[in-house]
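What follows is a single structure, written as structure tokens, with notes after it.
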Amino acid sequence: MLFRSFLIFSLVHTIQATAPPFGQLATSGNKLISVSKGQPVQLKGISLWWSVWESLWYNATTVQNLVKYWNINVIRAAMAVDHGGYLTSPDTEIQKVWTIVNAAINSGIYVIIDWHDSNATFHQNQSIQFFTNISATYGSYPHILYENNQPTTDPWNTSLKPYHEAVIAAIRKNDPNNVIIVGTGNYDQYVDDASVNPITEYSDGDAAVISGATPDQLGNSSVLTQSGQLVQSHLLNSSTTTTPAPATTTTTAPRVVVNPPYGRLAVKGANIISNATGQPVQLIGMSLFWDQWMPQFYNQTTINNLKCSWKSNIVRAAMGVDASGGYLSDPTTNTQLVYSVIDAAIAAGIYVIVDWHTSNATAYLNQSIAFFSSVSAKYGSYPHIIYEIFNEPLNVNWTTVLKPYHIAVIQAIRANDPYNVIVVGTPNWSQNVDQAAADPITNQTNIAYTLHYYAGTHHQSLRDIATQAINKSLPIFVTEYGTVNSDGNGPVNQSESQLWWNLLDQYKIGYLNWAIEDKNETAAALVSGTTAQQVGTNTTWTPSGAFVNAWYQTKSTNVTC
């Protein structure tokens, strides 16, 4: 490349999504266009220097000043690949790119994510991995453009085009709409070679709308193809004996997005890991109570207090299913409560477990599939999400009852979300993890297995079962535990609680305490009458709550406030 541009660094995680100047972009003929208007647009801006050599400029301040003083509408994050860049320190370089992407989205400009590599064909697998992760995290934002930088003299037909098609296919699995820019031969100069044999993404000549159009634009003639205009004209001049419904307008506030502590998660062996670093991570936090009975804690205030006063890097939304007032009797209210917690967790930059809180989930398979299909379609692109698809099964057979249920729900989620972790319940109130270890779910990725315990009831024998499963490389996640007896009462058992924490910390297993509630039981973390605003106030904590909080203060959960 011609070494001209420079600029940016600093880890900024908060995104207040501001719409970019022209909305969603697309290509039409040889033009870059605004999908909403169907008109050509022009992007003008600045490229940053190689990320590995000028990290000083990779920060929100640079982006903000370029917008304010340079009037740019696009910025390019040139992520170095070789020369000590991504191939050497992938996590470091990814964080620089994330910082620029977040700042651009926050500032309401476009951002080009540039795989800055003249030898990309030699690094195809790494490129696919990088763009898969980026598109899964940011593909829902119209601000994003993807670029493969400057190839050397590789031939277009036999080298560059196959490489581009492989990377495009990886991006399109997560992001069907945003523009992808492909490099041409001889340092992006041989565009004539590409024009003779261009890349053709799927296009249907019978399509009624242009690529990137959305359902709410069907009344906008600028997004119609020639075929669409012809058909619309005919229908408008025909009698169809229907009366149009009155128009309605729905306004959705921009979602604030703060990257979670370890980025996208994955499962490897017996561990939940950071996908970016490949290292095991430990998630520690609090479970909310049944949503239909404690809705006053299903809000941003509670989540912020859990992050800042409890050092929680994860929260669990326990959505009641078949209990009185739960999802089966009122799906709209319960779903909205869960969505409120998901939005709050995304805004706070912590992980969130979406929990199908029932012991009879196999009786409600269709409802479970419908619920998790909806959640994964809405939130599957966010790395904050963890699905818990069956809270505490009864003492039923793992292989013939639970495993088929789990596989069916997993497949429904994976249709929308190929990456985020799914936690599956195990027999006997999620205690018999040894049965799952003997016959784990196969042909699926990023699956973890639930272990629940209550320190006053479950002692060394259950820890032995857990250890045996871990030694068989079963990834365990304690999505619920108590410091008292399994009925939610009895004294806080500090000695057994400590033995459990020691075991879980030894293997970096995540755990969430039951529960953020002010019910009159000793498992409750809060005294009666506590409000969401007081969740972080130590005078409102019960003996169990104070005990758990004190332990959490000793832990490194990678959250800051």
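The values are calculated or read from the model by the stated rules, or taken from the named source; none is laboratory data. Because the structure is a prediction, the values reported are computed rather than measured. Cβ atoms come from the backbone with ideal geometry, glycine included; neighbour counts cover every protein chain shown. Only protein heavy atoms, including side chains, enter the accessible area calculation; ligands, DNA and RNA are left aside. Shrake-Rupley method; radii C 1.70, N 1.55, O 1.52, S 1.80 Å.
What residue, among those in the range 301-314 that are among the β-branched types (Val, Ile, Thr) and under 17 Å from residue 534 (Cα atoms), is nearest to the chain's Cα centre (by Cα)? Checking each candidate, the answer is 303.
If you filter the range 171-196 down to residues that are in contact with a strand residue (DSSP E or B) (Cβ under 9 Å, 6 or more places away or on another chain), assigned to a loop (DSSP other than H, G, I, E, B) and not small (Gly, Ala, Ser), you find that the one that is farthest from residue 130 (Cα to Cα) is 184. Only residues that are among the polar types (S, T, N, Q), under 21 Å from residue 187 (Cα atoms) and assigned to a loop (DSSP other than H, G, I, E, B) were counted across the range 87-129, and they come to 2.
So residue 483 ticks every box in (1) within 19 Å of residue 450 (Cα to Cα); (2) surrounded by fewer than 22 Cβ atoms within 10 Å (Cβ to Cβ); (3) touching a Pro at 6+ places or on another chain (Cβ under 9 Å); (4) of a type in the set (Val, Ile, Thr) but one. Which box is left unticked? Among (1) within 19 Å of residue 450 (Cα to Cα); (2) surrounded by fewer than 22 Cβ atoms within 10 Å (Cβ to Cβ); (3) touching a Pro at 6+ places or on another chain (Cβ under 9 Å); (4) of a type in the set (Val, Ile, Thr), the lone unmet condition for residue 483 is (2).
Being part of a helix (DSSP H, G or I) and of a type in the set (A, V, I, L, M) is the filter; apply it to the range 376-405 and report the residue that is farthest from residue 429 (Cα to Cα). Checking each candidate, the answer is 377. Of the numbered criteria (1) of a type in the set (S, T, N, Q); (2) without any contact (Cβ under 8 Å) to a residue 60 or more places away in the chain; (3) open to solvent by less than 10 Å² (accessible area, probe 1.4 Å), the one residue 420 fails is (2). Residue 157 falls short on exactly one of the conditions (1) touching a Gly at 6+ places or on another chain (Cβ under 9 Å); (2) of a type outside the set (A, V, I, L, M, F, W, C); (3) open to solvent by 10 Å² or more (accessible area, probe 1.4 Å), and that condition is (1). Scan the range 480-501 and tell me whether some residue there is farther than 24 Å from residue 390 by Cα and hydrophobic (A, V, I, L, M, F, W, C). Checked the range 480-501: at least one residue is farther than 24 Å from residue 390 by Cα and hydrophobic (A, V, I, L, M, F, W, C). Each residue in the range 57-84 was checked for being in contact with a strand residue (DSSP E or B) (Cβ under 8 Å, 6 or more places away or on another chain), surrounded by fewer than 22 Cβ atoms within 10 Å (Cβ to Cβ) and in a loop (DSSP other than H, G, I, E, B), and 3 of them qualify.
Name, by its number, the condition in (1) in a helix (DSSP H, G or I); (2) more than 27 Å from the chain's Cα centre (by Cα); (3) crowded, with 22+ Cβ neighbours inside 10 Å that does not hold for residue 436. So the condition that residue 436 fails would be (2).
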